Amino acid sequence: MHIQRNGIACKTYLYNEFRRTLNLWKQTLLQPVISSTLYFLIFGKLLGQRMGAIADVSYVEFIIPGLLMMNMLNSAFHASVFVVFLAKFTKSIEEILVSPMHPLAILLSFMGAGIMRGLLVGGLVGGVSLCFTSIEVTHPVLVLGIAVLACSVFSALGVINGLYAKTFDDTMGIPTFVITPLSYLGGIFYSVSMLPPFWQKMALFNPLVYLIGNFRTAFHGTQEIPVSLEISLCFMIAAMLGLGWIGYRMIERRTGLAE
């Protein structure tokens, strides 16, 4: 594996994807910004005034980490799944396969596109939130680290989905039936501790509860889930490495590519 050559290839690919994201800003950036603005306005301001404080912060501050995480996950997944699927659909994937790029470099390029868009959308949504309240981040480095890890996990998942996808509809199943429902049930608009005891236990089977809970811990410094931050981070890293390895092996074996 020629590190310098593959590094240049990855950088070039990500630069082109960044330009494409900006050129298609209405679909890639504006949509999550508009939806988040509505969430902040309706839930944060209008209903939040009647909710009172949760975990020693105002309601609008409480929902910010969850909305940021939901938008980042969706954007990271959509970006990676579509760069893979469109490359297959337009046959441009063949140019990548015959190039001297290592399978790991190809995987990192696909994942990097998702991570880049996820963080970009997260920054924009965070900027929108400043229009509704001030944000005091307790652990800014931890916030960035969790954001990168979460985007990495769902970017890898998007790559795997894109490799398996045969039609456009195949790329929409996970966001529609997995990410969005689990996000809403993951404690974006409420604290898990507010649920009845039975549903609190059931909520612990939702992996996004830990993502959103830890992200909120990094923001506000309050721990609301029974699993420690260190253990949750280890599971996130394991999920990223596991999904990344699956994606790497699929690319190496040309699974779903050489058809």
Residue list for segment 196-225, restricted to those being free of Cβ contacts under 8 Å to residues at least 12 places away in the same chain and surrounded by 15 or more Cβ atoms within 10 Å (Cβ to Cβ): Q200
Pairs where the first residue, in segment 77-95, is closer than 11 Å to A113 by Cβ and the second is acidic (D, E), C-beta under 8 Å, 6+ apart: A79/E17; V83/E17
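Consider L38 carefully, then state whether it is surrounded by fewer than 23 Cβ atoms within 10 Å (Cβ to Cβ) and at pLDDT 90 or above.
So L38 fits the description; yes.
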Residue among S183, S228, S191 that alone is closer than 30 Å to V60 by Cα and buried (at least 17 other Cβ atoms within 10 Å of the Cβ): S183
Elements of type helices (runs of 4 or more DSSP H) in segment 103-201, at least 2 residues being within 24 Å of L24 (Cβ to Cβ) and at pLDDT 95 or above: 103-129, 140-164
Pair list, Cβ < 6 Å and 6+ apart or interchain, from segment 10-23 residues that are under 13 Å from G118 (Cα atoms) to residues that are polar (S, T, N, Q): T21/T28
Test: residue in segment 205-220 that is in a loop (DSSP other than H, G, I, E, B) and on the phi > 0 side of the Ramachandran plot: no
Residue within segment 162-176 that is loosely packed, with under 14 Cβ neighbours inside 10 Å, under 24 Å from I42 (Cα atoms), free of Cβ contacts under 8 Å to residues at least 12 places away in the same chain and not acidic (D, E) present: yes
Total residues in segment 226-259, condition in a helix (DSSP H, G or I), touching a residue at least 60 places away in the same chain (Cβ under 8 Å) and under 29 Å from V98 (Cβ atoms): 9
Residue under evaluation M240, criteria (1) under 29 Å from M194 (Cα atoms); (2) buried (at least 18 other Cβ atoms within 10 Å of the Cβ), criterion not met: (1)
Selection within segment 16-68 - among the β-branched types (V, I, T) and over 14 Å from L120 (Cβ atoms): I34, T37, I42, I54, V57, V60, I63, I64
Which numbered condition L108 fails, given (1) hydrophobic (A, V, I, L, M, F, W, C); (2) buried (at least 20 other Cβ atoms within 10 Å of the Cβ); (3) in contact (Cβ under 8 Å) with a residue 60 or more places away in the chain; (4) closer than 23 Å to S36 by Cα: (4)
Pick from segment 61-105, criterion closer than 28 Å to L185 by Cα and not hydrophobic (A, V, I, L, M, F, W, C), ranking: surrounded by the most Cβ atoms within 10 Å (Cβ to Cβ): S80
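The values are calculated or read from the model by the stated rules, or taken from the named source; none is laboratory data. Not measured: the values here are computed from a predicted model. Note: ideal-geometry Cβ built from the backbone for every residue, glycine included; neighbour counts use all protein chains shown.
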